[in-house]
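Contents: one structure, followed by commentary.
The values are calculated or read from the model by the stated rules, or taken from the named source; none is laboratory data. Computed from a prediction, not measured in an experiment: that's the story for all the values here. FYI the Cβ positions are ideal-geometry reconstructions off the backbone, even for glycines, and counts take in every protein chain you see. Note: areas computed on protein heavy atoms with side chains; ligands, DNA, RNA excluded. Shrake-Rupley method; radii C 1.70, N 1.55, O 1.52, S 1.80 Å.
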Amino acid sequence: MTPGITFTIDGKQVTAAPGQTIIEAADTAGIYIPRLCHKPGLEPFGSCRLCTVTVGGRPCSSCTQPAAEGIVVESDTDELNEHRRALLEMLFVEGNHFCMFCEKSGNCELQALAYKFGITAPSFTYQWQKHDVDASHPQILIDRNRCILCARCVRASQDLDGKSVFGFVGRGPNKRLAVNAEARLSDTNVDVTDEALDVCPVGALLRKHVGYKVPIGKRQFDHTPIGSDVEGEPAPDDCGCGGAENVCQCTQSE
Amino acid sequence: MGENQKARIATTSLAGCFGCHMSLLDIDERILQLAELVVFDKSPINDIKQFTGRCDVGLIEGGCCNEHNVEVLRDFRKHCDILISIGDCATMGGIPALRNTVPLQECLDEAYRDGPSVHNPSGMIPNDVELPLILDKVYPAHEVVKIDYHLPGCPPSADTLWEALVALLTAKPVELPYELVKYD
C-alpha cells in the first residue's frame, strides 16, 4: 500500500494516489463529479467546466487539478449544480440537439446529464446556428449539429489511434470540429475501428449501420442516471472485470 | 364531484403532429378516472373550438410555426391558470424546427418551386388571406408566452402525462420519477 494523499470531498474523506487528479480520486472513492470532456484513458482537457469544484473555496476543474494533501473540495453544492445546469442548458441552445431522432439517444452523456439535473426545457433562447453534416465516409458520420467541442475524439485519435484525424478550426461561436483532409472525412485515414469513434459523448461522431442495434428503452441511461456506475459498489481489488471504466481502476492502467 | 367543481382543462396542437394527444389517449382506461377529475374545455378531443370559460390547466402540443399558432397560444395563456408544454415540439421546436437553420425563402422555394416532386409552372407560393402567415422560425412555446411546466418527450409517455396531470389536479408537487422524463 503506497502512502496516499488524503483530503475531503463534500466532507467525505478520500485517498488519492500521487499524481491523481481530484476527479480520478473521486471516481475511486465512489463520488460522481459530473463531466463531459473528461474520460478516463484520455489526457485531461478541462474545457467543459462541468467538473468544476471548489478547492478551499476557489473554483477549479477537478479533471485537471491534482489532488493535494488536506485540501477541502466541495462538489455537490447548490451553487455549483446551478452553474452545471446553466452550462448544460447553454450546450442545448447552442447546438441543434434533436433527441427524438438521434441514434445516440439513451446513450448520450449530454442528454443523461440534462436528465440528472432535471432539465425539462432550457431557460435560454435557442440559437439555431447552422452546422454541417459530413456523411462522406461509407461507415462513419459526423453531425456537427450535435458536437459539443469536448475534444475527446481529437485526443483519442491522436493519443490512442496515433492518427490525428480530428482537430478544431475557428474561434468562439465559429469553432468547429475539422478533419485532417482538404474537406471530407472520407479523405482522411480514419477507420471504423478507431477508438476515437467510441469516445464521443453525444451523437456527433457515429458509426453507420448500427444505429438502433440496441433499442430505445434498453440503453445505458434509459433507466439508470449517469454516474450510477461511479456511485455504485467499488470494484473489487482483483476484479479484472473489463466492466464500466469509471468503476474498474485496474482496466484503466493497462 | 359535480361538473362545476371539476378542474377545467383545455388542449391544443400547434406545430405538432398530434402524437402527444395520441399519447394522452394512451392512458387507456385511466381516461375514465381523468373524466372524474376534469371537464374538457377547448380541445381537439371534444372539438370545442372556443374557450367557454376560465381553465385550470392548458396543455400545449407543438411550437409556433405561424401567426395562428401564436394567436392560439396567447389565447391559451389568457384563459389558463397553468400552461404545460407537452412534447419536444413545444419544449424545443421539434421536427418542424429542423427548418430553423435554413432561411425561410429557401424553405419556401424548396417546398413550392424547386423540390424534386413539385409541379408549379407559375412558381407561385401560397399567399391567400385565409392562410396564416408563416414565421421566420419555429419557436418553442416558452419563447412566445410564459410556460409553467414542461414535459419533454416525443411523445411524452402516457404515464408521464398521467402522473403530471394527477399531481397537478390533486395539488401535489409535479415530481416525476427518472424514467418518465425523457427527450426521445
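Pick out, in residue order, every one of the trypsin sites (Lys or Arg not before Pro) in the stretch A:1-72 that is DSSP loop and has at most 16 other C-beta atoms within 10 Å; say none if there are none. Display every interim value, and only then the final one.
Working: sites: A:Lys12, A:Arg35, A:Arg49; in loops: A:Arg35, A:Arg49.
For trypsin sites (Lys or Arg not before Pro) across the stretch A:1-72 that sit outside H, G, I, E and B with at most 16 neighbouring Cβ atoms in 10 Å, the list reads A:Arg49.
Ignoring everything except DSSP H segments at least 4 long, calculate the 222 nm mean residue ellipticity for chain B; use -39,500 (n - 2.57) per segment, divide by total residues, nearest 500.
-7500 deg cm²/dmol
Near A:Lys130, which lysines are there with a Cα under 30 Å away, not counting those fewer than 8 places off in the same chain?
A:Lys39, A:Lys104, A:Lys116, A:Lys163, A:Lys175, A:Lys208, A:Lys213, B:Lys137, B:Lys146, B:Lys182
Restrict the search to the stretch B:89-165; then list the trypsin sites (Lys or Arg not before Pro) that DSSP places in a loop and that have at most 12 other Cβ atoms within 10 Å of their Cβ. Show your work: numbers first, answer last.
Values: sites: B:Arg99, B:Arg113, B:Lys137, B:Lys146; in loops: B:Lys146.
Answer by residue number: B:Lys146.
Picking from B:Thr52, B:Thr11, B:Thr91, which is most flexible by a Gaussian network model of chain B using Cα springs under 10 Å?
Largest GNM mean-square fluctuation: B:Thr52.
Principal axes first, then extents: for the Cα atoms of the stretch A:1-58, list largest minus smallest coordinate on each axis, whole Å, largest first.
32, 27, 18
Using a 10 angstrom cutoff on alpha carbons, build the Gaussian network for chain B and name the most mobile of B:Pro103, B:Pro140, B:Pro152.
Greatest mean-square fluctuation among the candidates belongs to B:Pro103.
Quick check: convex hull of the Cα atoms in chain A, volume per residue, rounded to a whole Å³?
138 Å³
Can you return the aspartates and glutamates within cross-link range of B:Lys172? Criterion is Cα-Cα under 17 Å, with same-chain partners fewer than 8 residues away left out.
Reachable aspartates and glutamates: B:Asp56, B:Asp81, B:Asp148, B:Asp159, B:Glu163.
Accessible area lost on pairing A with B, both sides, 1.4 Å probe, Å² to nearest 100?
Chains A and B together bury approximately 2200 Å².
From the C-alpha coordinates alone, can you work out the Kirkwood hydrodynamic radius of chain B, in Å?
By the Kirkwood definition, the hydrodynamic radius is 17.5 Å.
Using only Cα atoms, tell me the angle between helix B:67-79 and the longest principal axis of chain B; keep it within 0 to 90° and round to the nearest 10.
Relative to chain B, helix B:67-79 is tipped by roughly 20 degrees.
Need one value for A:92-102: mean number of C-beta atoms belonging to other chains within 10 Å of its residues' C-beta atoms.
Other-chain Cβ atoms within 10 Å of each residue's Cβ, averaged: 5.
What do you get for Rg/Rh over the stretch A:28-90 if you use C-alpha atoms and the Kirkwood form of Rh?
Using Cα coordinates only, the ratio equals 0.94.
With a 1.4 Å probe and all protein chains left in place, how much of the accessible area of the protein assembly as shown comes from carbon and sulfur atoms, in whole percent?
52 percent
What is the stretch B:15-104 by shape, rounded, prolate or oblate, if you read a ≥ b ≥ c off the alpha carbon gyration tensor as root eigenvalues and call it rounded for a/c under 1.5, prolate for a/b larger than b/c, and oblate otherwise?
oblate
Of A:Pro59, A:His38, A:Leu88, whose Cα points farthest to the positive end of the dipole of chain A (charges on the beta-carbon: +1 Lys, Arg; -1 Asp, Glu; origin at the Cα centre)?
Farthest towards the positive pole: A:Leu88.
Which whole-number value in Å³ per residue fits the convex hull of the alpha carbons of the protein assembly as shown?
It is 181 Å³ per residue.
Go ahead and set up a Gaussian network model of chain B, Cα springs under 10 Å, then flag whichever of B:Pro126, B:Pro96, B:Pro173 fluctuates most.
B:Pro126
Give me D for the stretch B:98-184 in µm² s⁻¹, whole number, from Stokes-Einstein with Rh from the Kirkwood sum over alpha-carbon pairs, 37 °C and 0.692 mPa s.
It comes out at roughly 195 µm²/s.
Please report, in whole Å³, the volume per residue of the convex hull around the C-alpha atoms of the stretch A:82-207.
It is 112 Å³ per residue.
Residues of the stretch A:112-127 that become at least 10 Å² less accessible with every protein chain present than in their own chain isolated, using 1.4 Å: which are they?
A:Tyr115, A:Ile119, A:Thr120, A:Ala121, A:Pro122, A:Thr125, A:Tyr126
Determine the distance separating the Cα centre of the stretch B:106-175 from the Cα centre of the stretch A:165-206; give it in Å without decimals.
For the stretch B:106-175 versus the stretch A:165-206, the Cα centre distance is 33 Å.
For the stretch A:128-169, which residues drop by 40 square angstrom or more in accessible area between the chain on its own and all protein chains together (1.4 Å probe)?
Buried by 40 Å² or more upon assembly, which counts only protein chains, are A:Trp128, A:Lys130.
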